[in-house]
Amino acid sequence: MTSKIWGGRFQSATDAVLEAINVSIDFDKRLGPQDIRGSLAHIAMLAEQGVVAPEDAARITEGLTRIAGEMERGEFQFSRTLEDIHMNAESRLAELIGPAAGRLHTARSRNDQVATDFRLYIRDDIDALDAQLADLQLALVERAMEEAGSVMPGFTHLQSAQPVTLGHHLLAYVEMIGRDRGRLRDARSRLNECPLGAAALAGTSFPIDRHMTAKALDFDRPTANSLDSVSDRDFVLETLSAAAICATHLSRFAEEIVLWSTPQFNFISLSDKFTTGSSIMPQKRNPDAAELVRGKSGRIIGALQALLIVMKGLPLAYSKDMQEDKEGAFDSLDSLSLCIAAMAGMVRDMKVNRERMKAAAGAGFATATDLADWLVRKLNLPFREAHHVTGRVVALAEGKGVGLEELTLADLQSVEPRISEDVFAVLGVEKSVESRVSYGGTAPDNVRKQAQSWLDRLKERR
């Protein structure tokens, strides 16, 4: 007979290969605080329901509290021979209080236990990530307020399109991150049901009170179906999906920081805090923090894909394949947390080269659309006709090797005789951004109002 806690019907030891592939304590030990919290709620409920004697419940509670302290202080000795966090905690409890420890597992299984632990863990991580994302939003909004009137090129296809302001550009990421936070909050809301008491898959015959344990663990309610409770991981998938989308947003911004900090763009510079040097080229200042954010997004996205593939072929209810839900999730959420911190640091650290951005904003005939709009407003041309006229003006400027604002009135009138002197008011990049006053547009006053609105919202939620 084996010495395993589950080994009653087994006559010999497991193979070393099975031992190696089966063990999960190396990574699921981080669920220790959640495992103890769930056990404390469970034993309190068993005592209240008369399933476990009060004196045994008191000893179990005392032992679990001691174990929690050992884990918090880093004194708990985890054993690989005990497979997972649940068996490690139960074994230590038996060392502390003797056979009464065995009563703790009444009316529960490792299946509902791990589902509960993991929901508690993911919920805690979502709360921490939300706080970090709020701080990143604050960093972006504060810089947006500073750069509300700083003109820069707006791009489509990475080609100069129309002038915008840096403040407007930064607020675009504030909006994206706001949606990321909303997705994480939605995931939190849906995961906030307690699987404890679903047992292995069918529930239990003991007179337990699942509403009591759900309330003790700050869940909204117990899960409604015991099979679903132990067999699904959509709460992890949804969180990883939100994390992957968020990482994609961070990666896009990181890519822009990489581009903007090159000598060719020279829009921003990062200090020594967020750059590294080269082992061979002493002149180099590499934006490694941004590059690593960009790179780590692949790990975060990959964790979502991996778990989807694990889950796609599993029949109900629990299968050991689901042990693969944790390492990727832990790594993904850890990586996202680090990426958010790095982005917030770079936003606060970056120095903006306003003159260079303004000069670049005027390149590539970026005010061509302003000219077309002027032709519609002043000459009452249909927009399509104004588009063609503007295209011919651009071709003329390109042939002369000058910008639109450098053309003479005679040059412009050679294309459209009715163009007047006041057209030059719309051919400057600052006038261009000032004219974009529609709601959500890049006009500096718009940017300041939007930034202030976000500042107010962020401060209210603190």
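Please state which one of Ala187, Ala202 is aliphatic (A, V, I, L, M) and open to solvent by 50 Å² or more (accessible area, probe 1.4 Å). Just a single option satisfies the conditions, and that option is Ala202.
The residues in region 139-158 that are modelled with pLDDT of 95 or more, surrounded by fewer than 19 Cβ atoms within 10 Å (Cβ to Cβ) and part of a loop (DSSP other than H, G, I, E, B) can be counted, and the count is 1. Remark: pairs (first residue in region 164-182, polar (S, T, N, Q); second residue at pLDDT 95 or above and part of a helix (DSSP H, G or I); Cβ separation under 8 Å; 6+ apart in sequence or on different chains) = Thr165/Pro444; Thr165/Val447. Yes or no: region 223-239 includes at least one residue that is touching a strand residue (DSSP E or B) at 6+ places or on another chain (Cβ under 9 Å) and open to solvent by 50 Å² or more (accessible area, probe 1.4 Å). Yes: region 223-239 contains one or more residues that are touching a strand residue (DSSP E or B) at 6+ places or on another chain (Cβ under 9 Å) and open to solvent by 50 Å² or more (accessible area, probe 1.4 Å).
Candidates in region 28-61 are the residues that are in contact (Cβ under 8 Å) with a residue 12 or more places away in the chain and charged (D, E, K, R); of these, the one that is most open to solvent (accessible area, probe 1.4 Å) is Glu48.
Screening region 343-435 for helices (runs of 4 or more DSSP H) wholly inside it with 2 or more residues that are among the hydroxyl-bearing types (Ser, Thr, Tyr) returns the ranges 429-435. Test each condition in (1) under 30 Å from Leu140 (Cα atoms); (2) crowded, with 22+ Cβ neighbours inside 10 Å for Ala360 and report the one that comes out false. Failed condition: (2).
Within region 444-456, is there a residue that is in the same structural domain as Thr369 (by the TED database), outside any helix (DSSP H, G or I) and open to solvent by less than 50 Å² (accessible area, probe 1.4 Å)? So far as region 444-456 goes, no, none of its residues is in the same structural domain as Thr369 (by the TED database), outside any helix (DSSP H, G or I) and open to solvent by less than 50 Å² (accessible area, probe 1.4 Å). Can you pull out the residues in region 172-231 that are of a type in the set (Val, Ile, Thr) and within 26 Å of Gln132 (Cβ to Cβ)? Those that are of a type in the set (Val, Ile, Thr) and within 26 Å of Gln132 (Cβ to Cβ): Val174, Ile177.
Quick check: is even one residue across region 376-386 farther than 30 Å from Leu227 by Cβ, more than 30 Å from the chain's Cα centre (by Cα), open to solvent by 40 Å² or more (accessible area, probe 1.4 Å) and of a type in the set (S, T, N, Q)? Yes, region 376-386 contains a residue that is farther than 30 Å from Leu227 by Cβ, more than 30 Å from the chain's Cα centre (by Cα), open to solvent by 40 Å² or more (accessible area, probe 1.4 Å) and of a type in the set (S, T, N, Q).
The values are calculated or read from the model by the stated rules, or taken from the named source; none is laboratory data. Values in this document were obtained by computation on a predicted structure and should not be read as measured data. Virtual Cβ from ideal backbone geometry, glycine too; neighbours counted across all protein chains shown. The protein model used for the area step is the full one, side chains on, heavy atoms only, and it has no ligands, DNA or RNA in it. Shrake-Rupley method; radii C 1.70, N 1.55, O 1.52, S 1.80 Å.
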